[in-house]
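S.K.: Okay, handing you the structure first.
The values are calculated or read from the model by the stated rules, or taken from the named source; none is laboratory data. Here the structure is a predicted model, which is why all the values come from computation and not from measurement. Because the Cβ atoms are built from the backbone with ideal geometry, glycine has one as well, and the counts that use them run over all protein chains shown.
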Amino acid sequence: MQTVTAALLLRDGRILLALRKAGKHMGRKWEFPGGKVHPGETPEQCLERELAEELDIRAGSAPRPGAPATPKRTWTWRSCCIAPNT
């Protein structure tokens, strides 16, 4: 089973969505930012990486090693996990 993450980011009553690139699977559809958790990565690390890669957003309370000193946007989050019934 593949583990994935998604971020539901709220600010000033607005929800952040990302538009998938045209020509890709599900292209030009809206989605919550996130992605597949890589081996050895926690879901929180996955969200940090995906937000940085996809949207140039630094998330969490501590900067990632090598991250720019002045990110364009900063967000914090609360994490939760929803597991399927097995």
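S.K.: Inside region 44-58, can you point out the residues that are farther than 11 Å from residue 18 by Cβ and in contact with a Ser or Thr (Cβ under 8 Å, 6 or more places away or on another chain)?
M.R.: Listed by number, the residues that qualify are 44, 46, 47, 58.
S.K.: Which ranges mark the strands (runs of 3 or more DSSP E) fully within region 25-81 that have 2 or more residues being surrounded by 14 or more Cβ atoms within 10 Å (Cβ to Cβ) and modelled with pLDDT under 85? Don't jump to the end; show me each part of the working.
M.R.: Values: elements: 34-36, 57-59, 73-75.
Correct list: 57-59.
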